[in-house]
Structures are given as C-alpha cells and as structure tokens.
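The structure appears right after this line, and notes come after that.
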Amino acid sequence: MFALDRAGVAMAGRIFILTVFLAAAGGNGCAQARPACAVVPRSLAAMKDCYRPLLVFASNGDDARLKRQVQLLDHAADDMMDRFVLFTPIVPDGRRVTTPADSPYTVLAPKEMAAVREQFHIAAGDFVVLLLGEDGTVELRAANPVSTDRLNELIDKMPTRKQEMLRPHAN
C-alpha cells in the first residue's frame, strides 16, 4: 500500500477521467462530432455534417499570417475542440504547411487543396480565412487571422452549436 499526496490524488483523478473518456470514445482518443465522422477527414466532403472547417488560404506554408492563425488556435485549443473547429491550411504547393500543436487540424492532399482553392475562388497569393458551418456554408470570411474569441462568438450563435450544448456531456 502507498500514500498519495494531493498532487497524486489529482493526477489519479485525471487518469480515471481520461480512461472513461477513451472507453466512451471507442478507444481512439480523438474528438469527433459524431461516431460516423472520419477522425482525420481528407476532403471537405468528409468534413460536412461533422466539423466546422477553418480554411486558411496562404501563399506558402511559411506565411506569417498563417503562423499567427496557428498560434491563436493553439492558445484556445480546448475551445476549438469543443466546437469541432478543424484547422485546414490551403497553400498552393501543398507542402511545408504550418500546423497547430494542440488544436485539431487536417492537411489535405495538394490536389484537394487546389480544388478547395478553386471552389472558393481564392487566388494563389491571397491570404483568406473562411469558417464553414457543419453544412458547408461560409459563415465567416476574413483577410487577416481571426481571434478565437470571434470564432467562439460566431459559432456559439449557430443553431447546430446551440443543439450541441443541450446534449448531456456536451462539449
């Protein structure tokens, strides 16, 4: 038998909660909007009715505004997970993409990135941030990085988010 100090008890509690969460999530440990949703979607079609894609178009993977958007998302990673925001960078060559350390993200194949850029009529050199609703409609269009407070406020007004918040154990 051994004794736990206050920090040990807190850690044991976190481990128990994580274990329960992983069991409920089917053992994969990834936040998903619905069980039928892809954990790592590889197209906008796979994101529909599952996630709120945050498409960030930049001229290249080293764009300072792209990196700033990543920083903003990482500072509020829990909020982004709770709202099923999926950071999706779109760069012309599809390589050397800056991704968040803690926020949910996916990196599309170069051909898929090109198709998304064409779908939304974004020129290769433009910096644009688009937030899509779960239904695929453009909910926000910005020419600069978007604060997570602004994203949270906008998403929390969406009817689908209001329904999510009513569910038991909702994010």
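For beta carbons closer than 6 Å, sequence separation of 6+ or different chains, a first residue in the stretch 120-134 that is assigned to a loop (DSSP other than H, G, I, E, B) and a second that is modelled with pLDDT under 95 and β-branched (Val, Ile, Thr), the qualifying pairs are 134/160. Of 117, 141, 161, all but one fail to be of a type in the set (Lys, Arg), out of contact with any Phe, Trp or Tyr (no Cβ under 7 Å at 6 or more places or on another chain) and modelled with pLDDT of 95 or more; the exception is 141.
If we keep just the residues of the stretch 49-66 that are in contact with a helix residue (DSSP H, G or I) (Cβ under 7 Å, 6 or more places away or on another chain) and of a type outside the set (A, V, I, L, M, F, W, C), which is farthest from residue 94 (Cα to Cα)? Before the answer, list the steps.
First, the residues of the stretch 49-66 that are in contact with a helix residue (DSSP H, G or I) (Cβ under 7 Å, 6 or more places away or on another chain): 52-53, 55-58.
Those left that are additionally of a type outside the set (A, V, I, L, M, F, W, C): 52-53.
Values: 52: 21, 53: 17 Å.
Per the stated criteria, the residue is 52.
For the stretch 91-103, does any single residue satisfy the condition of being in the same structural domain as residue 52 (by TED's automatic domain parsing) and in contact (Cβ under 8 Å) with a residue 60 or more places away in the chain? No, every residue in the stretch 91-103 fails to be in the same structural domain as residue 52 (by TED's automatic domain parsing) and in contact (Cβ under 8 Å) with a residue 60 or more places away in the chain. Considered as a group, the residues in the stretch 61-83 that are closer than 25 Å to residue 110 by Cα and out of contact with any Ser or Thr (no Cβ under 9 Å at 6 or more places or on another chain) include one that is surrounded by the most Cβ atoms within 10 Å (Cβ to Cβ), and that residue is 65. If you scan the stretch 114-129, which residues turn out to be in contact with a Ser or Thr (Cβ under 9 Å, 6 or more places away or on another chain) and over 10 Å from residue 58 (Cα atoms)? Once the filter is applied, which keeps residues that are in contact with a Ser or Thr (Cβ under 9 Å, 6 or more places away or on another chain) and over 10 Å from residue 58 (Cα atoms), the stretch 114-129 yields 115, 116. For the stretch 85-97, a residue qualifies if it is part of a loop (DSSP other than H, G, I, E, B) and surrounded by 21 or more Cβ atoms within 10 Å (Cβ to Cβ), and the qualifying residues are 91, 97.
The values are calculated or read from the model by the stated rules, or taken from the named source; none is laboratory data. Being a predicted model, the structure only gives us computed values, none of them experimental. Virtual Cβ from ideal backbone geometry, glycine too; neighbours counted across all protein chains shown.
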